[in-house]
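I have placed the structure first, in the form of structure tokens, so that the comments after it can refer back to it.
The values are calculated or read from the model by the stated rules, or taken from the named source; none is laboratory data. Everything numeric here is computed off the predicted structure, so don't read it as measured data. Backbone-built Cβ (ideal geometry, glycine too); neighbour counts: all protein chains shown.
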Amino acid sequence: MPNSFAWLAYACLALRPLPHSFNLQPAAVRQPTSQLSAPESHASFRVRVVGQGRPLLLLAGLGCSGTVWDQTLARYARRYQCHVVSLAGFAGQAPVAGPLLATARQELLAYVAQQRLHRPALLGHSLGGFLALELATAAPTQFSQVIVLDALPFGAAAAQPQLTEAQVRQATPSPAALGQQFASLPAAQFAQLQRQLLIPAVADTARLRQLLAERLSSDPAALGRATAEMLQTDLRPQLPRLAIPVLVLGSDATARLLLQKPTASAAECRQAYAAQYAAVPHLTLEMHPTARHFLQYDAPEWYFQQLDHVLNAPVASLSQHPARPQ
């Protein structure tokens, strides 16, 4: 099995002892901020609508609820009608039967049509960023722009770009099998695993406790299945369909994990992301040198500076100037 993605697919088989200070008791899950409408449930996701203005879909990542966007809502809800999406099986929600990502893609496209949202922008983090790419490549004329926070169209091939979907599927557990592996872990071992996976993803210990609480209230099988679904899907061939602006915000820290090269230079980290997105016609790629995977938590000023540039711009100017100089 190629070791470039072993850390992800086989995380549940690579547990290491944690420090004695590790506390398995999670912090309480925070409640959402004030909302314009009550959460609306669908089979694969729940959505709450906050603010008014141009439509913006916000897609949280693996095991997270929409609360990861609270600070983002505080900044943009006066100008955007924010549709905050929390995926099924995560952070206390019931899981969906069958594939999560494929079902969510279909239902979210239907939601956009049913709500008559005119070319909403997409903002997704991690697995939510991957889903944003799926939505935009499936229906490129239905969206105005895509903003991806630290996600790749085929992360399994970050260190070995020649890898194919078939090779990855052969070398890694199926979604059902990885889901079963996660579900079969004793509670303490599952909690240990989730903390081990989150420690490299966020620097702030308070945020770590918050994220861990949401992971531990997620359905273990749903986490495993969604991880494998993303791992085994290569979106790179679909990227030329994106005729809209795409902003990718990446983390050098995440790149070093994916490359399994702690000493990788900033240039190497950037190249790993740039190679993945090479087929995007109108790409802006920005990398942060020190922030971890949760960029919105570790580098909020930088994060908002990047978002302000695109979310505060008129729609017409985005189409006329689709990408910033690299």
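Annotations
- Filter result for Thr164 (under 22 Å from Ala43 (Cα atoms), out of contact with any Leu (no Cβ under 8 Å at 6 or more places or on another chain) and among the hydroxyl-bearing types (Ser, Thr, Tyr)): no
- In region 286-298, the residues that are free of Cβ contacts under 8 Å to residues at least 40 places away in the same chain reach residues that are part of a loop (DSSP other than H, G, I, E, B) with C-beta atoms within less than 7 angstrom, at least six apart or across chains, in these pairs: His288/Ala299.
- Of all residues in region 130-181 being hydroxyl-bearing (Ser, Thr, Tyr) and under 21 Å from the mean Cα position of the chain (by Cα), the one that is nearest to Leu117 (Cα to Cα): Ser144
- Candidates Gln260, Gln194, Gln271, filtered to the one that is among the polar types (S, T, N, Q) and crowded, with 18+ Cβ neighbours inside 10 Å: Gln194
- Any chance Glu134 is in contact with an Asp or Glu (Cβ under 8 Å, 6 or more places away or on another chain) and either aromatic (Phe, Trp, Tyr) or under 25 Å from Gly250 (Cβ atoms) (or both): no
- Given (1) surrounded by fewer than 21 Cβ atoms within 10 Å (Cβ to Cβ); (2) touching a Cys at 6+ places or on another chain (Cβ under 8 Å), index of the condition Ala255 fails: (1)
- On inspection, Leu57 qualifies as more than 30 Å from Gln189 (Cα to Cα) and either modelled with pLDDT of 95 or more or loosely packed, with under 15 Cβ neighbours inside 10 Å (or both).
- Members of region 108-126 found to be farther than 27 Å from Leu295 by Cβ and in a helix (DSSP H, G or I), listed by number: Ala110, Ala113, Gln114
- Tyr303 meets each of the listed conditions (1) within 26 Å of Ser144 (Cβ to Cβ); (2) over 16 Å from the mean Cα position of the chain (by Cα) apart from (2).
- Close Cβ contacts (under 6 Å, 6 or more residues apart or on different chains) running from residues in region 165-193 that are within 13 Å of Thr233 (Cα to Cα) to residues that are acidic (Asp, Glu) comprise Glu165/Asp234; Pro175/Glu229.
- Some residue of region 84-94 being surrounded by 23 or more Cβ atoms within 10 Å (Cβ to Cβ), in contact with a helix residue (DSSP H, G or I) (Cβ under 6 Å, 6 or more places away or on another chain) and of a type in the set (S, T, N, Q): yes
- Qualifying positions in region 216-250 - in contact with a Cys (Cβ under 8 Å, 6 or more places away or on another chain) and farther than 21 Å from Glu165 by Cα: Gly250
- Within region 299-326, tally of residues that are at pLDDT 90 or above, of a type outside the set (S, T, N, Q), part of a helix (DSSP H, G or I) and surrounded by 12 or more Cβ atoms within 10 Å (Cβ to Cβ): 9
- Of all residues in region 70-96, those that are under 18 Å from Gln145 (Cα atoms) and in contact (Cβ under 8 Å) with a residue 60 or more places away in the chain total 4.
- Test: residue in region 21-41 that is touching a helix residue (DSSP H, G or I) at 6+ places or on another chain (Cβ under 9 Å), among the hydrophobic types (A, V, I, L, M, F, W, C) and either part of a strand (DSSP E or B) or at pLDDT 95 or above (or both): no
- Listing of helices (runs of 4 or more DSSP H) fully contained in region 168-270 that carry 2 or more residues being in contact with a Gly (Cβ under 7 Å, 6 or more places away or on another chain) and farther than 30 Å from Leu307 by Cβ: 175-184, 220-231
- Residue-level analysis places Pro161 among those that are assigned to a loop (DSSP other than H, G, I, E, B) and either touching a residue at least 12 places away in the same chain (Cβ under 8 Å) or buried (at least 19 other Cβ atoms within 10 Å of the Cβ) (or both).
- Qualifying positions in region 73-91 - in contact with a strand residue (DSSP E or B) (Cβ under 9 Å, 6 or more places away or on another chain) and within 19 Å of Leu211 (Cα to Cα): Leu73, Val84, Val85, Ser86, Leu87, Ala88
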